[in-house]
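*Asks:* Starting off with a structure, shown below.
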Amino acid sequence: MLSGMQQVIGQIVPLAVGIAISPLPIVAVILMLITPRARANGLAFLVGWMAGLAVVGVIALLVAGATGLATSSDASSQARGVIRLLLGLLLLLAALRQWRSRPRQGEEAPLPRWMASLDTFTPAKSLGLAALLSGVNPKNLALNLAAMSIIAGAGLSASSQAAALVVVVLIGSVGVFVPVGVYLVGGDRAGAVLGGWKAWLAENNGVIMAVLFVVLGFALIGQGIAQV
């Protein structure tokens, strides 16, 4: 029989992977890695990304503890179920939006305007941008809150909750960590590799996100219905 911590890890890992699959932030860090301040900005972006996830997670766990959502009562269990159900529905709506906005065949995928100014960013600005993208981006926020609701409702000790949060942060940061790692160890080949990734991610962002939202959305809806 699995322990409570093992069950929690099994449930939060898919959500953390969903956080890690963030094409546009990955494109952003790749673009930073071809600027004059590549090393400093890339590392600052990675730190900011992890900090954003951690801060949101800590706040969510503290709120859950203060409001009673972390208890094992039927009422708190139903409340967590409602939260997951709503988050799942939001992800399905986001999936529909991503699918409709995807570029048609032969069209160039548009990138956000702020990406054009990344070559002027300082490390502090890179850190702040990453914290915003990881912490308050609607997709990441929904998945992070869903993961925290699982952790809060498992009856874990404070240290086990902290360990589970670390798992979410580390796995959720893999998508940003990999390009930075490739830049640091890839040498002369890093530019070509990262350039290929950037082009593919930018072109397929809409489809990737739509599929991800559908899978995770239905998973959260199923969990929510089971608890309501």
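The values are calculated or read from the model by the stated rules, or taken from the named source; none is laboratory data. Everything numeric here is computed off the predicted structure, so don't read it as measured data. Neighbour counts are summed over all protein chains in view; Cβ atoms, including those assigned to glycine, are modelled from backbone coordinates with ideal geometry.
*Asks:* Answer with yes or no whether LYS125 is modelled with pLDDT under 90, charged (D, E, K, R) and closer than 30 Å to LEU194 by Cα.
*Replies:* Details: modelled with pLDDT under 90: no; charged (D, E, K, R): yes; closer than 30 Å to LEU194 by Cα: yes.
No; evaluated as a whole, the condition is false for this residue.
*Asks:* Does LEU69 satisfy the criteria of being touching a helix residue (DSSP H, G or I) at 6+ places or on another chain (Cβ under 8 Å), crowded, with 21+ Cβ neighbours inside 10 Å and modelled with pLDDT of 85 or more?
*Replies:* Numbers: touching a helix residue (DSSP H, G or I) at 6+ places or on another chain (Cβ under 8 Å): yes; crowded, with 21+ Cβ neighbours inside 10 Å: yes; modelled with pLDDT of 85 or more: no.
Against the criterion (touching a helix residue (DSSP H, G or I) at 6+ places or on another chain (Cβ under 8 Å), crowded, with 21+ Cβ neighbours inside 10 Å and modelled with pLDDT of 85 or more), LEU69 does not qualify.
*Asks:* Restricting to segment 4-52, give me the number of residues that are among the hydroxyl-bearing types (Ser, Thr, Tyr), crowded, with 20+ Cβ neighbours inside 10 Å and in contact with an Asp or Glu (Cβ under 9 Å, 6 or more places away or on another chain). Lay out the reasoning, then the answer.
*Replies:* Of segment 4-52, the ones among the hydroxyl-bearing types (Ser, Thr, Tyr) are 22, 35.
So of that shortlist, the ones also crowded, with 20+ Cβ neighbours inside 10 Å come out as 22.
Imposing the further condition that a residue be in contact with an Asp or Glu (Cβ under 9 Å, 6 or more places away or on another chain) reduces the set to none.
Going through segment 4-52 one residue at a time, the tally reaches 0.
*Asks:* Run THR120 past the list (1) buried (at least 22 other Cβ atoms within 10 Å of the Cβ); (2) free of Cβ contacts under 8 Å to residues at least 60 places away in the same chain and report the number of the one that doesn't hold.
*Replies:* Answer for THR120: the failing condition is (1).
*Asks:* Out of (1) among the hydrophobic types (A, V, I, L, M, F, W, C); (2) over 15 Å from ILE26 (Cβ atoms); (3) in contact (Cβ under 8 Å) with a residue 12 or more places away in the chain, the odd one out for LEU194 is which?
*Replies:* (2)
*Asks:* Which numbered condition trips up LEU184, out of (1) surrounded by 15 or more Cβ atoms within 10 Å (Cβ to Cβ); (2) touching a residue at least 40 places away in the same chain (Cβ under 8 Å); (3) part of a helix (DSSP H, G or I); (4) of a type in the set (A, V, I, L, M)?
*Replies:* Just one mismatch for LEU184, condition (1).
*Asks:* Considering only residues that are closer than 11 Å to LEU92 by Cα and among the aromatic types (Phe, Trp, Tyr), look in segment 193-228 and name the one that is surrounded by the most Cβ atoms within 10 Å (Cβ to Cβ). I'd like the intermediate steps shown before the answer.
*Replies:* First, the residues of segment 193-228 that are closer than 11 Å to LEU92 by Cα: 209-221.
Checking the rest, the ones that are also among the aromatic types (Phe, Trp, Tyr) come to 213, 218.
Details: PHE213: 25, PHE218: 14.
Ranking the candidates gives PHE213 first.
*Asks:* Return yes or no: is LEU145 aliphatic (A, V, I, L, M), part of a helix (DSSP H, G or I), in contact with a Ser or Thr (Cβ under 8 Å, 6 or more places away or on another chain) and under 29 Å from ILE221 (Cα atoms)? Give the steps one after another, and end with the answer.
*Replies:* Values: aliphatic (A, V, I, L, M): yes; part of a helix (DSSP H, G or I): yes; in contact with a Ser or Thr (Cβ under 8 Å, 6 or more places away or on another chain): no; under 29 Å from ILE221 (Cα atoms): yes.
No; evaluated as a whole, the condition is false for this residue.
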